């Protein structure tokens with residue numbers, strides 16, 4: 001939950017007057033997103049989300065994020081559509097911060113995702129990958145494999161405060177992944193943070209995806225691996241094979257995975273688990289004084305990482321062990 | 001900002017099905033209120049606020065709060081109207097907590113109230129007092145004068161940790177107020193927490209009042225004193241006489257104050273400042289570990305209390321010192 005920047009009435013009115021969306025009738029901070037300040041903005045014309053981009057977002061990346069949402073929405077993917085101001089731009093300044101208004105997306109995130117949710121998520125993720133193929137802006141993944149060691153160096157000295165032996169285990173994993181990380185899998189625009197919080201459902205269907213502020217270019221199957229980590233484990237951190245199968249079934253119905261992607265899925269899942277372990281570990285060890293946001297438990301991702309080490313290939317993520325139940329590209 | 005209780009999709013759907021308000025299309029935690037969990041609920045029929053009552057609210061008081069909102073709304077006061085469920089009740093249970101759905105109120109609180117806002121607030125407060133006169137349920141003020149000493153006893157030993165000499169000053173003030181606290185001023189339903197956060201404006205008008213969860217029976221002028229404290233001081237804690245005058249002007253246009261109320265206004269303002277000083281002091285000294293809400297500074301109300309000691313009577317709160325600019329009842 002997060003509302004970091006306060007906006008005065010005068011500033012808000014002046015900002016909204018720059019758009020052709022009517023006059024403000026309500027403006028409420030919402031408990032959504034941890035990186036930015038999000039407000040529900042109601043006007044005489046409709047309902048919108050107004051986002052103030054806080055310090056963790058690089059303003060230079062905003063044209064990529066906003067352009068991507070627009071690109072995907074135009075191709076029929078459910079996602080917030082940035083509203084252009086009267087001068088034609090999608091990015092403004094409010095209360096000293098970069099700010100944007102996007103359309104309001106109906107739907108709710110699944111607090112306890114089921115296999116059915118995982119199937120819909122898999123389909124939507126594949127549609128995102130296909131729709132992103134002709135997006136014109138590039139953004140390298142700032143949190144891809146080469147970033148992990150420098151990130152690790154910043155937590156290394158204190159890692160064993162979190163759990164004895166954690167440091168040595170991360171070292172070993174880093175050595176392993178650096179030596180074997182793939183170089184030539186199919187790549188393109190990925191969401192890179194498609195946790196259940198960022199996917200909305202409405203009745204029987206998936207209504208849309210939000211929070212594109214980690215989106216970047218990377219291996220498409222790495223995005224699948226991030227979702228296996230964030231959608232298919234139970235609260236006790238056991239892996240749910242039905243959910244894994246549903247996710248891969250859904251994905252491969254829209255975009256079949258290659259033999260190479262399937263073989264490397266456990267490695268990508270280990271890498272993705274390590275990425276979230278490292279960022280959470282850093283946040284855990286560096287909670288600012290007076291922080292209003294509770295850091296997330298890094299050890300959750302250490303447990304997930306250990307699970308993926310036991311998986312030989314993608315069949316390890318499906319119910320029908322050994323017999324493949326999902327589409328493989330020829 | 002506050003969302004304390006997580007609600008599962010199934011629980012929410014089952015709860016909403018008990019009302020004739022359509023099906024859920026969106027459900028977002030909002031950063032409003034510090035005592036309860038508030039959600040913005042959108043359905044196929046409209047927009048509502050769903051509140052889960054957390055531990056600080058006594059469930060036995062909920063019929064008073066919800067009944068009062070309904071009573072006031074029926075008399076034309078802008079405030080959320082509790083929605084009745086199919087069985088006719090306004091109070092249900094969700095995620096193990098008492099819960100209610102109220103209508104959504106357009107408008108925004110004034111982040112920096114002006115004298116104009118104070119005038120509208122004064123009028124609305126007086127209208128609330130008049131509209132509440134025939135409300136049938138009684139609720140003694142749990143935070144009135146007799147409660148202050150027991151509350152003080154719980155912080156006394158550590159008060160000087162917050163500011164040297166604070167303890168002795170509070171002792172003196174308590175003795176003074178206990179000896180002189182009035183017994184026979186006009187009384188009735190008061191809001192008791194009408195801070196700027198709880199008052200919405202829309203363009204030129206005041207659109208409504210929210211958060212009736214401290215409402216109770218007490219001296220009507222005590223509610224005026226609470227508003228003088230919460231609306232008429234600047235950020236540097238100097239008292240703004242134009243705002244004081246606007247508030248009293250607005251109030252007395254609707255409900256003139258008696259000579260007795262006017263004479264005792266500084267005492268009521270001291271009492272109200274002490275009440276907020278004491279609750280904030282307790283919260284400040286007792287922040288639970290892992291708390292997501294920052295405690296408010298108790299010393300703000302100590303400064304305000306000291307200002308009121310210098311005020312001889314209600315004319316001290318108005319611009320036209322000496323010459324009274326507001327209505328006095330005959």
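Read-outs: derived from the displayed coordinates by stated rules, not from any lab. All figures in this text were calculated on a predicted structure; none of them were measured in a lab. Using ideal geometry, Cβ is built from the backbone for each residue, glycine included, and neighbour counts are taken over all protein chains shown.
Data table
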{"quantity": "Shortest-first distances to equivalent copies, position residue B:45, nm, label 7 Å out along Cβ", "calculated": "3.0"}
{"quantity": "Between 0 and 90°, nearest 10: helix A:220-231 axis offset from chain A longest Cα axis", "calculated": "90 degrees"}
{"quantity": "Quarter of the Cα convex hull surface for segment A:115-329, i.e. its orientation-mean projected area (nm²)", "calculated": "12.5 nm²"}
{"quantity": "Nearest-first distances (nm) between copies at residue A:238, label 7 Å from Cα via Cβ", "calculated": "6.8"}
{"quantity": "Modelled FRET efficiency - R0 41 Å, residue B:197 with residue A:258, Cβ distances, 0.05 increments", "calculated": "0.15"}
{"quantity": "Nearest 10 degrees, 0 to 90: helix A:115-131 Cα axis against chain A principal axis", "calculated": "70 degrees"}
{"quantity": "Debye log10 I(q)/I(0) at q = 0.09, 0.16, 0.20 Å⁻¹ for segment B:155-283, Cα point scatterers", "calculated": "-0.30, -0.93, -1.35"}
{"quantity": "For segment B:237-294 and segment A:171-214, distance of Cα centres in Å", "calculated": "51 Å"}
{"quantity": "Helix-only [θ]222 nm of chain B, DSSP H runs n ≥ 4, -39500 (n - 2.57) each, per residue, nearest 500", "calculated": "-12500 deg cm²/dmol"}
{"quantity": "Tail weight of P(r) past 23 Å, computed on alpha-carbon pairs of segment B:9-103, percent", "calculated": "19 percent"}
{"quantity": "Cβ-Cβ FRET estimate between residue A:187 and residue A:313, R0 fixed at 25 Å, reported to 0.05", "calculated": "0.80"}
{"quantity": "At R0 = 41 Å, FRET efficiency that the Cβ-Cβ distance of residue B:153 and residue B:133 yields, to 0.05", "calculated": "0.70"}
{"quantity": "Residues B:84, B:302, sorted so that the one with the fewest Cβ neighbours within 10 Å comes first", "calculated": "B:84, B:302"}
{"quantity": "Along principal axes, Cα extents of segment B:58-108, largest first, whole Å", "calculated": "31, 24, 20"}
{"quantity": "Cα long-axis angle, helix A:62-74 against chain A (0 to 90 degrees, to the nearest 10)", "calculated": "90 degrees"}
{"quantity": "Inter-copy label distances at residue A:140 (7 Å, Cα→Cβ; nm, one decimal)", "calculated": "7.2"}
{"quantity": "Computed over the protein assembly as shown, the ratio Rg/Rh where both radii use C-alpha atoms and Rh is Kirkwood", "calculated": "1.03"}
